[in-house]
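Colleague: Before we start, here is the structure in question, set down as structure tokens.
The values are calculated or read from the model by the stated rules, or taken from the named source; none is laboratory data. Here the structure is a predicted model, which is why all the values come from computation and not from measurement. So basically every Cβ, Gly included, is an ideal-geometry build from the backbone, and we count neighbours across all protein chains shown. Just the protein is used for accessible areas: all its heavy atoms, side chains included, with ligands, DNA and RNA removed. Shrake-Rupley method; radii C 1.70, N 1.55, O 1.52, S 1.80 Å.
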Amino acid sequence: TRFRNVTGVQTCALPIYWAAKGPKLQGVRAVIAESFERIHRSNLVGMGILPLQFLPGESAAAHGLTGHETFDIEGLGSVQPGAKIQIKATTTDGQTKTITLQSRIDTPNEVEYFKHGGILPYVLRQLI
């Protein structure tokens with residue numbers, strides 16, 4: 001983390017931004033969580049990563065997810081703010097289960113950012 005002094009106040013480069021940029025650089029396309037901090041959710045969308053949230057009262061444990069599954073996400077071409085998204089989780093032994101999650105793309109602008117792969121590609125396409 002880099003620190004700098006701005007008008008006498010110690011600040012640092014936003015490490016939470018890297019919490020979205022790092023996964024993007026590793027090829028992550030979606031993040032599934034029980035909840036998101038506002039800025040982290042926004043940074044994920046800005047990087048073109050789909051934030052998906054368990055429905056109220058649900059969790060990875062409630063669905064028997066271990067983190068070793070592979071996921072197929074349906075309906076990415078028609079993502080809308082707050083839409084319910086179906087994912088198919090496949091375990092290492094081939095068993096599958098379908099889970100409904102809520103898209104945490106919250107605004108029409110965020111839909112556009114996501115469809116373009118992030119805010120930077122979106123802005124660049126607007127300039128061309």
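Colleague: When Lys and Arg each count +1 and Asp and Glu each count -1, what net charge do the other residues less than 14 Å away from PRO23, Cβ to Cβ, add up to?
Modeller: Working: positive: LYS21, LYS24, ARG29, ARG41; negative: none.
Neighbour charge sum, excluding PRO23 itself: +4.
Colleague: Moving on to the next point. Taking a label point 7 Å from the Cα of SER35 along the Cα→Cβ vector, which residues of region 61-88 have an amide N closer than 19 Å to it?
Modeller: 61-63, 82
Colleague: Below 18 Å, Cα to Cα, which lysines can LYS24 reach? Residues fewer than 8 away in the same chain don't count.
Modeller: Correct list for LYS24: LYS115.
Colleague: Net charge around ALA60, counting only other residues with Cβ within less than 10 Å of its Cβ (Lys, Arg = +1; Asp, Glu = -1)? Walk me through the intermediate numbers first.
Modeller: Values: positive: none; negative: GLU34, GLU58, GLU69.
Spelling it out: positives minus negatives among the neighbours equals -3.
Colleague: To the nearest 0.05, what FRET efficiency results for ARG125 and THR98 with a Förster distance of 30 Å applied to their C-beta separation?
Modeller: Numbers: r = 34 Å, r/R0 = 1.12.
My answer for the efficiency is 0.35.
Colleague: Follow-up question, since we're still on this one. Round to a whole number: what % of the accessible area of region 66-128 belongs to carbon and sulfur, probe 1.4 Å? Numbers along the way, then the final one.
Modeller: Details: 2090 of 3970 Å².
Within region 66-128, the accessible surface is 53 percent carbon and sulfur.
Colleague: Ok, one more. Could you pull the accessible area for TYR113 with a 1.4 Å probe, rounded to 10 Å²?
Modeller: In the full protein context, TYR113 sits at about 50 Å².
Colleague: What nm distance separates the two modelled labels at HIS116 and HIS68, each placed 7 Å from Cα along Cα→Cβ?
Modeller: Roughly 4.1 nm, to one decimal.
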